[in-house]
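Participant: Below are the structure tokens for one structure; questions will follow.
Derivation of every value follows stated rules applied to the coordinates shown; laboratory data play no part. Keep in mind that this is a model prediction, so the values were computed, not measured. Heads up, the Cβs are rebuilt from the backbone with ideal geometry, glycines too, and the neighbour counts pull from every protein chain shown.
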Amino acid sequence: MPRYGKLNDSYIASWFQREDPGGPMWALNLMKYRKRAEYADGRESSISGMEADDEYAPHEHLRKVGSRIVMMAPVVHQLVGDEHVWDRIAIAQYRDRMAIIEMSSNADFQKDEDHKEAGMDFTIVMATFPVEGDPVPPQESGAGDDRLMLLQVVGDADAPDIAAEIDSVRIGRFMIEDRFLGDDRTFAEARYDLVSRDAADELIASGSTHSDTDYVVIADPALDDIARSLTDPSKVLF
């Protein structure tokens, strides 16, 4: 059991009962880091929690199970949420649900995961899938762009869409099947939009709101292949 979140054992167990593992799966990670990395073996550490997570960086482990990271973005501002103030958000696109089990069972992966264990204070990881019937989004990316990313994680799929009220480009909307790591809460939908810095500043100026059911953050993507990953949902794109 990781110390940075609670495994959803019943949900994970349901994967083994499926006739079809179903995929791909987009795993949304909300990440809050320790100020300084704390290794379980007691070794001295002078690096930050985020730096320890950078050491973990499971790109090669993901590749071995036909999966990859499609989004990585430090959080600039949290507009809606609770005591968990997120430092970074990320999406790993897995071949299917069982790919994460396959990867986690690998001894080399488990060794590298020591860095994540040292750096992460708390995380919520959700299994998400594209909302059926949504059009393929514009093939735009926030990486290397002056725009920022607006992420809305809502507990009710009918919750108001903040992006509809501002100049934005929708690059993905996902149904949240369940969380497989975090706490006892469930969420319904994750929405991703590209917004100008002026629009982001206006949202920030309106202040922050407390919520036990929703998170809304503005992030600055270092990597953003969300829209491209949706152009062919039958396979993971490289």
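Participant: Taking H placed 1.01 Å from N in the peptide plane, check which residues at least 5 places from MET71 or on another chain put their amide H under 5 Å from its amide H.
Facilitator: Residues meeting the criterion, in which the H sits 1.01 Å from N, are ILE91, ASP225.
Participant: Let me ask something additional. Taking the Cβ of ALA164 as the centre, find all other residues whose Cβ is under 14 Å away and add up their charges (Lys, Arg: +1; Asp, Glu: -1).
Facilitator: Result for the neighbourhood of ALA164: -3.
Participant: Write down Rg/Rh for the chain, rounded to two decimals, with Rg from the C-alpha atoms and Rh from the Kirkwood relation over Cα pairs.
Facilitator: 0.95
Participant: List the pairs from LYS35/LYS116; LYS32/LYS64; LYS6/LYS64 whose alpha-carbon separation is above 20 Å, in the order I gave them.
Facilitator: In this structure, LYS32/LYS64; LYS6/LYS64 exceed 20 Å between Cα atoms.
Participant: How large is the helix-only mean residue ellipticity at 222 nm for the chain, computed as the sum of -39500 (n - 2.57) over DSSP H runs with n ≥ 4, divided by its residue count, in deg cm²/dmol to the nearest 500?
Facilitator: -6500 deg cm²/dmol
Participant: Can you sort SER105, SER45, SER67, SER168 from fewest to most other Cβ atoms within 10 Å of each residue's own Cβ?
Facilitator: Ascending number of Cβ neighbours within 10 Å: SER105, SER45, SER168, SER67.
Participant: Please get the size of the charge dipole for segment 87-238, origin at its Cα centre, with Cβ charges of +1 on Lys and Arg and -1 on Asp and Glu, quoted in debye to the nearest 20.
Facilitator: Computed about the Cα centre, the dipole is about 400 debye.
Participant: Another question, if that's okay. Could you work out how far the C-alpha centroid of segment 19-79 sits from that of segment 180-218, in angstrom?
Facilitator: First find each Cα centre; the distance between them is then 20 Å.
Participant: Can you sort GLU202, GLU44 from fewest to most other Cβ atoms within 10 Å of each residue's own Cβ?
Facilitator: Listed from fewest to most nearby Cβ atoms, that is GLU44, GLU202.
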